[in-house]
Amino acid sequence: MIHARDFVDAARQRGFDCYAGVPCSFLTPFINYVIGDTALDYVSAANEGDAVAIAAGATLGGRRAVAMMQNSGLGNAVSPLTSLTWTFRIPILVVCTHRGAPGVKDEPQHELMGQITGRLFETMDVPWQEFPRTQAAIAPALDAADAHARESGRPFALVMQKGTCEPCPLDRRAPAAARSPAHITGNGHRAAVAARPSRHAVLARLVARTDPARTVLIATTGFTGRELYAIDDRPNHLYMVGSMGCASSLGLGLALARPDLEVVVIDGDGAALMRMGNLATVGAYRPPNLTHLLLDNEVHDSTGAQATVAAGVDFAAIAAACGYATVLRSDELTELDALSVAAPGPRFAHVKIAPGTIDDLPRPSITPPDVCARLMDHIGAR
């Protein structure tokens, strides 16, 4: 058994100072210590997949980050582990508990995942070791994570058994105090569908008004990233090609890690519905340098325009209730200018757009690892 401080201090010496996680009873002493260490940045994620994406965003910003979770929630993290951190080569460290380990009595819902945890990591091409249970084992475990990061640029996991860390009390600081919902501005959504602006028009206006030297644009998967690429392929752009729904959590991690940058997340209604819990996380941690632009055409455009359930969802009201400081509801291009960096952040805009895309829409010719490396070079993160 070790004290969590022993591992955290050794990890800190290697640059790990950002943590995002979801609690587990096996993880309690470790996560309690991380929460209480004011020299660390900790984000309480809505789910395990968001924790992975938040950690990935911090890594994009030049920090080293850890995602913490229990193995029963590992399924929530499969998408960002396989199509974000693996695809873009973002080397986060995963600390995952081993509920339902063979031979350890546990609750029935942990039985199957307990049997397959190691195999699931291996299937996802995430090397893993047991989380160190003695002080002497800490440095070798971190050495293995460092070596894998250098060789592959991809995640590494440490699997924590029950009783690994000594008890540690919880500092009960909440992420943020509650505040009244923001006033929602904008003309609302009055235009007929055919009269709404196109995605291309919104993105073109955004690119034209963006300073690439100090702003990062993160485009959600599907037509959004492809249209942004078609308008202009800039080094401050990141085109997500998977991990649907994780653009806002990736942007949150980057915004918190790099307060010197303006981070703009360009989301879609289908993607936002998939991981809506992250709106509450953004509202709790309130990065003033984050703008969240949600383009809502009420369909899954890139897969054949099947309807989403967004038609009756007031995303602006949800964002306001979650704690975004500036909230806009509109279908007019000119009103997007209200989301300038002079407005209090985090900023949110729910913009209704028309379905469809441009003719002969290209796919990015630059690979995801090269997009990531180019962005990190551009913001001085490598």
Check every one of the strands (runs of 3 or more DSSP E) wholly within the range 187-277 and list those with 3 or more residues that are under 22 Å from residue 314 (Cα atoms). 262-268
All positions within the range 1-40 that are among the hydroxyl-bearing types (Ser, Thr, Tyr) and not in a helix (DSSP H, G or I): 19, 25, 38
The conditions are (1) closer than 21 Å to residue 205 by Cα; (2) surrounded by 21 or more Cβ atoms within 10 Å (Cβ to Cβ); (3) of a type in the set (Ser, Thr, Tyr), and residue 357 fails exactly one of them. Which is it? (2)
So residue 176 passes all but one of these: (1) over 21 Å from residue 317 (Cβ atoms); (2) in contact (Cβ under 8 Å) with a residue 60 or more places away in the chain. Which condition number does it fail? (1)
Could you check the range 159-187 and list, in sequence order, the residues that are buried (at least 21 other Cβ atoms within 10 Å of the Cβ) and modelled with pLDDT of 95 or more? 160, 164, 165
Any hit, the range 96-103, residues being modelled with pLDDT of 95 or more and closer than 24 Å to residue 375 by Cβ: no
With among the small types (Gly, Ala, Ser) and either free of Cβ contacts under 8 Å to residues at least 24 places away in the same chain or over 28 Å from residue 273 (Cα atoms) (or both) as the only criterion, which of 4, 77, 53 stands out? 4
Can you tell me how many residues within the range 188-200 are at pLDDT below 85 and either at positive phi or not aliphatic (A, V, I, L, M) (or both)? 3
Please indicate, with yes or no, whether at least one residue in the range 283-297 is assigned to a helix (DSSP H, G or I) and either in contact with a strand residue (DSSP E or B) (Cβ under 8 Å, 6 or more places away or on another chain) or within 26 Å of residue 357 (Cβ to Cβ) (or both). yes
For the range 58-73, check the following and say yes or no: at least one residue is surrounded by fewer than 24 Cβ atoms within 10 Å (Cβ to Cβ), in contact (Cβ under 8 Å) with a residue 24 or more places away in the chain, β-branched (Val, Ile, Thr) and touching a helix residue (DSSP H, G or I) at 6+ places or on another chain (Cβ under 9 Å). no
Residues of the range 314-347 being touching a Leu at 6+ places or on another chain (Cβ under 7 Å) and under 19 Å from residue 249 (Cβ atoms), which ones? 315, 318, 319, 322, 345, 346, 347
Please state which one of 308, 334, 291, 326 is among the polar types (S, T, N, Q) and surrounded by fewer than 16 Cβ atoms within 10 Å (Cβ to Cβ). 334
Go through (1) outside any loop (DSSP other than H, G, I, E, B); (2) loosely packed, with under 14 Cβ neighbours inside 10 Å; (3) modelled with pLDDT of 95 or more one by one and return the number of the condition residue 117 breaks. (2)
Applying the selection to the range 120-147, what residues are assigned to a loop (DSSP other than H, G, I, E, B) and surrounded by 14 or more Cβ atoms within 10 Å (Cβ to Cβ)? 124, 126, 127, 131, 132, 133
Specify which of the listed residues (270, 253, 277) is outside the structural domain of residue 51 (by TED's automatic domain parsing), of a type in the set (Gly, Ala, Ser), buried (at least 24 other Cβ atoms within 10 Å of the Cβ) and closer than 16 Å to residue 175 by Cβ. 253
Modelled with pLDDT under 95 and either in contact with a helix residue (DSSP H, G or I) (Cβ under 7 Å, 6 or more places away or on another chain) or among the aromatic types (Phe, Trp, Tyr) (or both) - does that describe any residue in the range 277-295? no
Does any residue in the range 208-220 that is assigned by TED's automatic domain parsing to the domain that holds residue 240 come within less than 7 Å, Cβ to Cβ, of a residue that is among the basic types (Lys, Arg) six or more places away or on a different chain, and which pairs are these? 212/234
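The values are calculated or read from the model by the stated rules, or taken from the named source; none is laboratory data. All of these numbers come straight from a predicted model, not from anything done at the bench. Every residue, glycine among them, receives a Cβ derived from its backbone with ideal geometry; neighbour counts consider all protein chains shown.
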